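Throughout, read-outs are computed from the coordinates displayed, never taken from laboratory work. Being a predicted model, the structure only gives us computed values, none of them experimental. Positions of Cβ are backbone-derived with ideal geometry, glycine not excepted, and every protein chain shown enters the neighbour counts.
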Amino acid sequence: GAGVSQTPSNKVTEKGKYVELRCDPISGHTALYWYRQSLGQGPEFLIYFQGTGAADDSGLPNDRFFAVRPEGSVSTLKIQRTERGDSAVYLCASSLTGHTEAFFGQGTRLTVV
Amino acid sequence: AQTVTQSQPEMSVQEAETVTLSCTYDTSESDYYLFWYKQPPSRQMILVIRQEAYKQQNATENRFSVNFQKAAKSFSLKISDSQLGDAAMYFCAFISNFGNEKLTFGTGTRLTIIP
């Protein structure tokens, strides 16, 4: 696609439910990143993929968070047993390789009620 | 670990005037990149300008320029001839050129343009 696409744009879920957030990067970009942006804050790193593998998942806050990128393109961020503190905008970005310009999607706003 | 600090939560400027947004950072590394990103209400982060730490010359992109002071670890953004479309959140960000692929962002500055 022309840009990074994230779906859904908005997601409201009940506390304790499971959610999946999807990211479709720019075609040909091998690097893919997930960030979380809480209200009034800058984005915080969650996980970085190079191809199919998670090269750095040090930003995942706990084991309720998991991300996959099975074919080296689309990625899914999965959150189990959601908590109200998980409410945030989840941003995805991709780049041609690491350290080149990262292009961001419009994010998914997750609200846990 | 790197940190990025933006000490101005909000700034405002008259249309057509010039405004400077401040950013300081802390790192022990010598080779890195610095960025300014713009985030309008659409939430998409848009790259405004990039500076490579080993380059002494300040980066410029049309009405946007930076003042990069490596020794002081300062990286300010100057917007000249401000336009209504410049209104947004602006984030300063850092990335190491050695292995660590993640961007570290500041907390942002909300820029308002006064018509």
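Observations
- Antiparallel beta bridges, as assigned by DSSP with both residues in chain B, represent about 85 percent of the total such bridges.
- Descending by average beta-carbon neighbour count within 10 Å, the peptides A:36-49, B:3-16, B:72-85 line up as A:36-49, B:72-85, B:3-16, the highest first.
- Taking the DSSP beta bridges with both ends in chain A, the antiparallel portion is around 90 percent.
- Residues in segment B:52-71 reached by a label modelled at B:LYS78 [backbone nitrogen below 18 Å; 7 Å Cα→Cβ]: B:52, B:56-71
- When restricted to Cα atoms, chain B yields an Rg and a Dmax of 13.7, 45 Å, respectively.
- Partners of A:LYS17 within straight-line reach, counting lysines whose Cα lies under 27 Å from its Cα and excluding those fewer than 8 residues away in the same chain: A:LYS78.
- Inter-chain neighbour count for B:40-49: the average number of beta-carbon atoms from partner chains within 10 Å of each residue's beta-carbon is 4.
- Amide proton proximity set for A:GLN106, modelled H, under 5 Å, gap of 5+: A:GLN6
- Hits among lysines - C-alpha to C-alpha of B:LYS38 under 20 Å, sequence gap 8 or more where chains match: B:LYS78, B:LYS102
- Zone residues, segment B:72-110, relative to B:ALA1, backbone N less than 20 Å from point 7 Å out along Cα-to-Cβ: B:92-108
- Inter-site label distance for B:GLU17 and B:ILE114 at 7 Å from Cα along Cβ, in nm: 0.5 nm
- Placing one equal scatterer on every Cα of segment A:1-87 and applying the Debye formula, the log10 ratio I(q)/I(0) at q = 0.21, 0.22, 0.26 Å⁻¹ is -1.09, -1.19, -1.48.
- Taking a straight line from the alpha carbon of B:LYS55, these aspartates and glutamates sit under 15 Å away, with near neighbours fewer than eight places off in the same chain left out: B:GLU29, B:ASP31.
- In plain terms, the bigger the Kirkwood radius, the slower the diffusion; for the protein assembly as shown, with that radius from Cα pairs, at 20 °C and 1.002 mPa s, Stokes-Einstein puts D at 118 µm²/s.
- Legend: Rg and Dmax of segment A:39-78, from Cα coordinates, 11.0, 34 Å.
- DSSP beta bridges fully contained in the protein assembly as shown are about 90 percent antiparallel.
- All Cα pairs of segment B:1-64, percent lying beyond 19 Å: 45 percent
- Sites B:ASP31 and A:THR7 - FRET efficiency at Förster radius 45 Å, r taken between beta-carbons, to 0.05: 0.75
- Relative contact order of chain B, defined on C-alpha pairs under 8 angstrom at six or more residues apart (%): 37 percent
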